[in-house]
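The values are calculated or read from the model by the stated rules, or taken from the named source; none is laboratory data. On a predicted model such as this, the values are computed, not experimentally measured, just so you know. Cβ coordinates were reconstructed from backbone atoms using ideal geometry, including for glycine residues, and neighbour counts include every protein chain displayed.
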């Protein structure tokens, strides 16, 4: 048994295919000073080709997992535009008269070595992105072929020292049973992509020393516990086959629930909606029984483009989503860029703390021309379904009033143009910063609904970057402070008689169900992949019992105790009276 890091859930059993290291070595090729211009042209042509290839991979991957996960490749494109990285390459060519491929290799080695010296695991893993981009550029400069994966139809478990996002994007999930990497962890881009593709992954085996896995070896990997069994005995093999088959049966059983309403054993009904970024994601959500769209992340309409989308372009997308959703609500969040989301054609200022800087509603109120265009498209689409508009990252009453004033201006413009719209379009806000919670009673008098964005709320309440592995253990959604913030928000909404929903990751976490039942939150919006498991848990939960557990959490003093209580209740409710899992 080899212990690694469980990075993507699930059990896989199969023969290993060990991917050769994607490494390049080359002589110290010198160039004649008179050929500098030619060498720079080779470099720039390689960059252009690499960018085109990355854009193509991004589009292909987006079709499989949606725009949010495929935006990983934006980081790769940014590296090829990074002035420091490119200046290093150009400097080596210009001052040392080295060939472009030699300069790229030296620059890669320099930056990877620099990242590896950092104590921050998250930053160390970003070195994989630099190597991925650099090796792609080298491949074009050298005219070398890609390292290919097995071409037959026999499924396999892929084993690699490290797996770049580009390589992972080329995998066929039908043939890849699982993945094992010597390096990396839960926050690596490859781990994020594997989770999106539903491929079990165990990472970080390098810490165990040399791992003697050879192509053809029989492996069992457990992406939950991080265990790899090499050449397992018959008893171990049978045990894991039973686990794998049970997971498969459960997935098939869950799909039967798509048309069943989410109601607890004692009759409390919930409305489960989906968080989407595209029409394609909506199709998947509706397949899994979503009752509407609780969060439409519109920023992805602005990506993969050379300019801002027009009013007509946005209108067509919003209209399509509203019509597909039938009579279900469609909550459209206005543009939320900044932080970790950037547009190539809209440069944002360099900031020490971009998540606390120029982003979301702050950009919309600063660039009212962009805001008006989006609001006009939303209003026009509002006659085609139950559309609502939602403002992100609100922290003051003034922001709400200013946004509503812009909305009023847009309505007047549509009146002049003779275009119909829903004059009573509901306006809501995301509650995701502590300031909004503390003045929730004031904000509630100005809007029609709240939606709690738990991802950012937890991050801002606890001052913890959840993507930073050194402190990721401190990102704790059941911290007493977080639970109190959520309760304050719900109470303010109910006192004002406005709608309240949850659209962050906690909505899709089965353990959180007692919290929502105790608070009386019946609208939950989550990723399409979470809909069926939350519905299954709801159907097998008694609201009265769940509320008692939640009350104990709200009076708890320690974050770990709260999580233990909720996890224990989840495990207990999974079992029927005979002691077998439901």
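Output the residue which, of all residues in the stretch 17-37 that are surrounded by 12 or more Cβ atoms within 10 Å (Cβ to Cβ) and more than 36 Å from the chain's Cα centre (by Cα), is modelled with the lowest pLDDT. First the steps, then the outcome.
Residues of the stretch 17-37 that are surrounded by 12 or more Cβ atoms within 10 Å (Cβ to Cβ), as a first pass: 17-19, 22, 24, 26, 29, 31, 35-36.
Among the residues that remain, those that are also more than 36 Å from the chain's Cα centre (by Cα) are: 26, 29, 31, 35-36.
Working: 26: 65, 29: 71, 31: 84, 35: 83, 36: 87.
Of everything passing the filter in the stretch 17-37, 26 is modelled with the lowest pLDDT.
Looking only at helices (runs of 4 or more DSSP H) that fall completely inside the stretch 426-510, which ones have 1 or more residues that are more than 25 Å from the chain's Cα centre (by Cα)? Before the answer, list the steps.
Working: elements: 434-438, 440-444, 454-462, 480-496.
Because the criterion is at least 1 residues that are more than 25 Å from the chain's Cα centre (by Cα), the helices (runs of 4 or more DSSP H) in the stretch 426-510 that meet it are 434-438, 440-444, 480-496.
Among the numbered criteria (1) under 27 Å from residue 272 (Cβ atoms); (2) without any contact (Cβ under 8 Å) to a residue 12 or more places away in the chain, which one does residue 349 miss?
Evaluating residue 349 over (1) under 27 Å from residue 272 (Cβ atoms); (2) without any contact (Cβ under 8 Å) to a residue 12 or more places away in the chain leaves (1) as the failure.
Taking residue 534 as the residue in question, decide whether it is in contact with a strand residue (DSSP E or B) (Cβ under 9 Å, 6 or more places away or on another chain), on the phi < 0 side of the Ramachandran plot and assigned to a loop (DSSP other than H, G, I, E, B).
Numbers: in contact with a strand residue (DSSP E or B) (Cβ under 9 Å, 6 or more places away or on another chain): yes; on the phi < 0 side of the Ramachandran plot: yes; assigned to a loop (DSSP other than H, G, I, E, B): no.
No.
Exactly one condition in (1) modelled with pLDDT of 95 or more; (2) in contact with a strand residue (DSSP E or B) (Cβ under 7 Å, 6 or more places away or on another chain); (3) farther than 29 Å from residue 463 by Cα is not met by residue 327; state its number.
All conditions pass for residue 327, except number (1).
Could you please give the count of residues in the stretch 262-295 that are part of a loop (DSSP other than H, G, I, E, B) and under 22 Å from residue 387 (Cα atoms)? Please lay out each step first, then the result.
As a first pass, look at the stretch 262-295 and keep what is part of a loop (DSSP other than H, G, I, E, B): 262, 264-268, 270, 277-278, 288-292.
Those still in the list that are under 22 Å from residue 387 (Cα atoms) too: 270, 277-278, 288-292.
So the count comes out to 8.
Just give me the residues in the stretch 330-367 being touching a helix residue (DSSP H, G or I) at 6+ places or on another chain (Cβ under 7 Å) and either at pLDDT 90 or above or on the phi > 0 side of the Ramachandran plot (or both), in sequence order.
330, 332, 333, 334, 335, 336, 338, 339, 361, 364, 365
Could you please find all residues in the stretch 534-550 being surrounded by fewer than 16 Cβ atoms within 10 Å (Cβ to Cβ) and either within 11 Å of residue 483 (Cβ to Cβ) or not assigned by TED's automatic domain parsing to the domain that holds residue 502 (or both)?
none
Take residue 427 and decide whether it is buried (at least 21 other Cβ atoms within 10 Å of the Cβ), closer than 28 Å to residue 291 by Cα, touching a residue at least 12 places away in the same chain (Cβ under 8 Å) and in the same structural domain as residue 480 (by TED's automatic domain parsing).
On the way: buried (at least 21 other Cβ atoms within 10 Å of the Cβ): no; closer than 28 Å to residue 291 by Cα: yes; touching a residue at least 12 places away in the same chain (Cβ under 8 Å): yes; in the same structural domain as residue 480 (by TED's automatic domain parsing): yes.
It is false that residue 427 is buried (at least 21 other Cβ atoms within 10 Å of the Cβ), closer than 28 Å to residue 291 by Cα, touching a residue at least 12 places away in the same chain (Cβ under 8 Å) and in the same structural domain as residue 480 (by TED's automatic domain parsing).
Would you pick out the residues in the stretch 374-392 that are part of a strand (DSSP E or B) and touching a residue at least 60 places away in the same chain (Cβ under 8 Å)? Walk me through it before giving the result.
Here is the first cut: in the stretch 374-392, the residues part of a strand (DSSP E or B) are 386-391.
If the condition is that a residue be part of a strand (DSSP E or B) and touching a residue at least 60 places away in the same chain (Cβ under 8 Å), then 386, 387, 388, 390 are the ones that fit.
Taking the stretch 310-333 on its own, how many of its residues are free of Cβ contacts under 8 Å to residues at least 60 places away in the same chain and within 30 Å of residue 351 (Cα to Cα)?
1
Regarding the stretch 132-155, can at least one residue be identified that is part of a loop (DSSP other than H, G, I, E, B), over 30 Å from residue 15 (Cβ atoms) and at pLDDT 70 or above?
So in the stretch 132-155, the residues part of a loop (DSSP other than H, G, I, E, B) come out as 143-155.
Still in the running and over 30 Å from residue 15 (Cβ atoms): 143.
Next, from what is left, pick out any that are at pLDDT 70 or above: 143.
Checking the stretch 132-155: at least one residue is part of a loop (DSSP other than H, G, I, E, B), over 30 Å from residue 15 (Cβ atoms) and at pLDDT 70 or above.
Hey, can you tell me all the residues within the stretch 519-531 that are part of a helix (DSSP H, G or I) and at pLDDT below 95?
Restricting attention to the stretch 519-531, the residues satisfying the condition of being part of a helix (DSSP H, G or I) are 519, 528-531.
Listed by number, the residues that qualify are 528, 529, 530, 531.
Quick one: residue 413 ticks every box in (1) in a helix (DSSP H, G or I); (2) within 17 Å of residue 365 (Cα to Cα) bar one, so which box is it?
In the conditions (1) in a helix (DSSP H, G or I); (2) within 17 Å of residue 365 (Cα to Cα), residue 413 misses (2) alone.
Quick check on my filter: what residues within the stretch 187-205 are under 26 Å from residue 112 (Cβ atoms) and at pLDDT 75 or above?
191, 194, 195, 199, 201, 202, 203, 204, 205
Hey, can you tell me all the residues within the stretch 508-518 that are at pLDDT 95 or above and surrounded by 21 or more Cβ atoms within 10 Å (Cβ to Cβ)?
Passing the criteria: 512, 513, 514, 515, 516, 517.
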